Amino acid sequence: MEHEILTGNIIGNECVLTVEELARACCAEVSWIAELIDMGILAQQGEDQSGWRFCAADLTSARRAARLQRAFEANTEAVAVMLDLMTEIKRLRDRLKRMGLDPDE
Amino acid sequence: MEYKDYYKILGVERTATADEIKKAYRKLARTYHPDVSKQANAEARFKEIGEAYEVLQDTEKRAAYDQLGNRWQAGQEFTPPPDWGAGFEFTQGRASTTEAADFSDFFSSLFGNFSRQATAGRFRGEDHHAKIVIPLEDAFQGATRTITLRAPELDAQGRVVLREHTLNVRIPKGIRDGQLIRLAGQGAPGAGGAPGGDLYLEVHFDPHALYRVEGHDLSLTLPLAPWEAALGETVKAPTPTGVVEVKIPAGSQSGRKLRLKGRGIPGEPPGDLYLVLDVVVPAADTERAQQLYRTMAQELAFNPRRALGV
């Protein structure tokens, strides 16, 4: 078993995860995922709940939301603001890096 | 294993109220939360704080922990007393086994059996998550990487124990930073014959000495001599798949970007490689070099500050 080479599925920008898979990966209920969608935290594709599909960035955001909610007992609205700010900071940091500048300087 | 002083970790007295413990935790969580903090050891520290809070915020666990008394010192070699756990009935804790993977052996030895009751019946194993940092080259050639993970497992007595396991994982050509590799059945084992959970590996690239990554595109700063930029010339440039020759257009300035289509991360379609031109001024460190600069100054009617009106 130790020498077996495992091949996984790649989850990237294409929306492939179902709402049940996303909820399970976050140890959360489907209703909590729906709450994140209501707040605009996730950018799912598909119309109704059974047709919703999510990408890697959605899973990362949802897990981050779960961690923030747990650590600070923050409500979903506050977590949404935190995530928006984090995304903006990351965008700016990445831009600095692309320009060859050190964001921590 | 080492004894952990949870009160010391949160910086509170042993007599602290639930409210004081919560306040101390929140304050430390703000400093060390890995989503917020940029400190190098933030993640490890946050786990330690989370573990301390997990025990001290829970009346049952705190009472049990307090029963160990204050004769232990942080870092001291520790084995649970033989009668440990007697007289305590832990209800299902807030910590899921996914989080338990983040907790120490010390925690597992004390509270490892807290989820025993919840394990009755047939249910799918929980999904696990881990990060894997790979060199950018793996995205070009593909690779097999060996990773070692600590995962909680139930032993024969139904106690949660942390077990190290090693996986060999295929990194496919074309993988990008931030993508996930989902390994079916490699998460927590299921109970009662139910399938195991999945393992999600979040892929990140090591910072590369030459290339900066954005999605599937790369960029590289390409230094040029002034005459190469001014006159236009064919120069050599490295790419992840080998050296190429690039025609620099005459009259190029620093900051100009040249796109090498399809030279980024492989895929359908592949990414591009951007060369960001950087004109480097040769040092005037010999008499001959200084003379050449003086000649240019005399012969070229060049005022780089014309646009400034001076």
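Can you tell me which of (1) more than 10 Å from every other protein chain (Cβ to nearest Cβ); (2) touching a helix residue (DSSP H, G or I) at 6+ places or on another chain (Cβ under 9 Å); (3) on the phi < 0 side of the Ramachandran plot is the one A:A25 doesn't meet?
The single condition A:A25 does not satisfy is (1).
When the residues of the range A:56-88 are filtered to those that are touching a residue at least 24 places away in the same chain (Cβ under 8 Å) and of a type in the set (D, E), which remaining residue is nearest to the other protein chains (Cβ to nearest Cβ)? Steps first, answer last, please.
Pass one, the range A:56-88, residues touching a residue at least 24 places away in the same chain (Cβ under 8 Å): A:56-59, A:61-63, A:65-66, A:76-77, A:79-80, A:83.
Of the ones still in play, those that are also of a type in the set (D, E) are A:58, A:77.
Details: A:D58: 11, A:E77: 17 Å.
Taking the candidates together, the pick is A:D58.
Quick check on my filter: what residues within the range B:17-47 are touching a residue at least 12 places away in the same chain (Cβ under 8 Å) and within 27 Å of B:G69 (Cβ to Cβ)?
B:A18, B:I21, B:K22, B:A24, B:Y25, B:L28, B:R45, B:K47
Scan the range B:199-225 for residues that are within 11 Å of chain A (Cβ to nearest Cβ) and without any contact (Cβ under 8 Å) to a residue 40 or more places away in the chain and jot them down.
B:P207, B:R212, B:E214
Quickly run through the range B:263-290 and pick out the residues that are surrounded by 11 or more Cβ atoms within 10 Å (Cβ to Cβ), more than 28 Å from the chain's Cα centre (by Cα) and either in a loop (DSSP other than H, G, I, E, B) or not charged (D, E, K, R) (or both).
Filtering the range B:263-290 down to residues surrounded by 11 or more Cβ atoms within 10 Å (Cβ to Cβ) leaves B:263-267, B:270-280, B:282, B:284, B:289-290.
This time we only want the ones that are more than 28 Å from the chain's Cα centre (by Cα), so: B:277-280, B:282, B:284, B:289-290.
Within the range B:263-290, B:L277, B:V279, B:V280, B:P282, B:A284, B:A289, B:Q290 qualify.
Could you go through the range A:88-100 and let me know if any residue there is more than 24 Å from B:I181 (Cβ to Cβ), in contact with a Lys or Arg (Cβ under 8 Å, 6 or more places away or on another chain) and in a loop (DSSP other than H, G, I, E, B).
yes
Could you please find all residues in the range A:26-66 being under 21 Å from A:M82 (Cα atoms) and in contact with a strand residue (DSSP E or B) (Cβ under 6 Å, 6 or more places away or on another chain)?
A:Q44, A:F54, A:A56
Could we say that A:Q44 is within 14 Å of the chain's Cα centre (by Cα), within 14 Å of chain B (Cβ to nearest Cβ) and free of Cβ contacts under 8 Å to residues at least 60 places away in the same chain here? Quick ask: steps written out before the conclusion?
On the way: within 14 Å of the chain's Cα centre (by Cα): yes; within 14 Å of chain B (Cβ to nearest Cβ): no; free of Cβ contacts under 8 Å to residues at least 60 places away in the same chain: yes.
No.
Assess whether B:A188 counts as being of a type in the set (G, A, S) and exposed (fewer than 14 other Cβ atoms within 10 Å of the Cβ). Reasoning before the result, please.
Values: of a type in the set (G, A, S): yes; exposed (fewer than 14 other Cβ atoms within 10 Å of the Cβ): no.
Criteria not met by B:A188.
Yes/no matrix, rows are residues, columns are (1) more than 7 Å from chain A (Cβ to nearest Cβ); (2) of a type in the set (V, I, T); (3) part of a loop (DSSP other than H, G, I, E, B); (4) over 18 Å from B:A151 (Cβ atoms):
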| position | (1), (2), (3), (4) |
| --- | --- |
| B:D177 | yes, no, yes, yes |
| B:R182 | no, no, no, no |
| B:G187 | yes, no, yes, no |
| B:G193 | yes, no, yes, yes |
| B:G197 | yes, no, yes, no |
| B:W227 | yes, no, no, yes |
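Do you know which residues across the range A:54-105 are more than 14 Å from the chain's Cα centre (by Cα), among the small types (G, A, S) and surrounded by 12 or more Cβ atoms within 10 Å (Cβ to Cβ)?
Answer for the range A:54-105, where residues must be more than 14 Å from the chain's Cα centre (by Cα), among the small types (G, A, S) and surrounded by 12 or more Cβ atoms within 10 Å (Cβ to Cβ): A:A71, A:A74, A:A78.
Inspect the range A:4-13 for any residue being in a strand (DSSP E or B) and surrounded by fewer than 15 Cβ atoms within 10 Å (Cβ to Cβ) and give the result as yes or no. First the steps, then the outcome.
Residues of the range A:4-13 in a strand (DSSP E or B): A:5-6, A:9-11.
Pick out the ones that are also surrounded by fewer than 15 Cβ atoms within 10 Å (Cβ to Cβ) and you get A:5, A:9.
Checking the range A:4-13: at least one residue is in a strand (DSSP E or B) and surrounded by fewer than 15 Cβ atoms within 10 Å (Cβ to Cβ).
For the range B:191-213, enumerate the residues that are among the charged types (D, E, K, R) and buried (at least 16 other Cβ atoms within 10 Å of the Cβ). Reasoning before the result, please.
First, pick out the residues of the range B:191-213 that are among the charged types (D, E, K, R): B:198, B:202, B:206, B:212.
Within the range B:191-213, B:D198, B:E202, B:R212 meet the criteria.
Please count how many residues of the range B:2-20 are at negative phi and surrounded by fewer than 20 Cβ atoms within 10 Å (Cβ to Cβ).
So the answer is 13.
So B:V243 fits all but one of (1) more than 22 Å from B:Q179 (Cβ to Cβ); (2) exposed (fewer than 13 other Cβ atoms within 10 Å of the Cβ); (3) touching a residue at least 40 places away in the same chain (Cβ under 8 Å); what number is the exception?
(3)
Taken together, the values in this text are just the output of simple stated rules run on the coordinates, not laboratory data. Everything quoted here is computed from the prediction, not taken from an experiment. Neighbour counts are summed over all protein chains in view; Cβ atoms, including those assigned to glycine, are modelled from backbone coordinates with ideal geometry.
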